[in-house]
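The block underneath contains the structure these notes are about, expressed in structure tokens.
Any read-out appearing in this document is the output of simple, stated calculations on the displayed coordinates, not a laboratory observation. The structure presented is a predicted model; accordingly, all values stated were derived computationally and were not measured. Here Cβ is always computed from backbone atoms with ideal geometry, including for glycine, and neighbour counts include all displayed protein chains.
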């Protein structure tokens with residue numbers, strides 16, 4: 001249950017960013033590049049759904065026509081995800097470590113702020129508490 005709470009309130013992101021609070025600009029830039037390449041749940045759905053649908057069409061054509069129900073199910077689930085944001089594979093994707101684009105971007109922009117990209121947010125880098133600094137960054141990124 002605690003893991004689910006971390007996914008919804010972003011404390012896992014907070015802890016990851018706090019870990020970079022004393023890192024060099026190069027280390028932060030490397031993390032930003034990793035985040036830009038990270039696959040989101042949405043991208044995974046956009047890749048997984050057509051493969052499932054094509055697989056169902058192939059199985060329906062070559063093995064048994066009953067498999068043709070699979071593409072219909074997949075397209076219905078993709079439509080449901082588009083309308084309500086729910087998809088049956090999301091819990092599995094979460095367990096595999098995938099995050100939503102919003103979660104990835106929140107961490108990415110917090111890292112950019114730590115790097116100093118948003119100087120008004122970052123401040124002058126005085127010897128303040130890193131946790132307080134990260135809280136200010138996340139407040140600005142969430143706005």
- request: Could you tell me whether region 41-98 comes out rounded, prolate or oblate from its Cα gyration tensor? Rule is a ≥ b ≥ c as square roots of the eigenvalues, rounded for a/c under 1.5, then prolate if a/b exceeds b/c, otherwise oblate.
  value: prolate
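Provide the FRET efficiency to the nearest 0.05 for the residue 96-residue 59 pair, computing r from the beta carbons and using R0 = 25 Å.
0.55
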message: Please give the Cα centre distance for region 37-52 versus region 70-97, rounded to the nearest Å.
response: 10
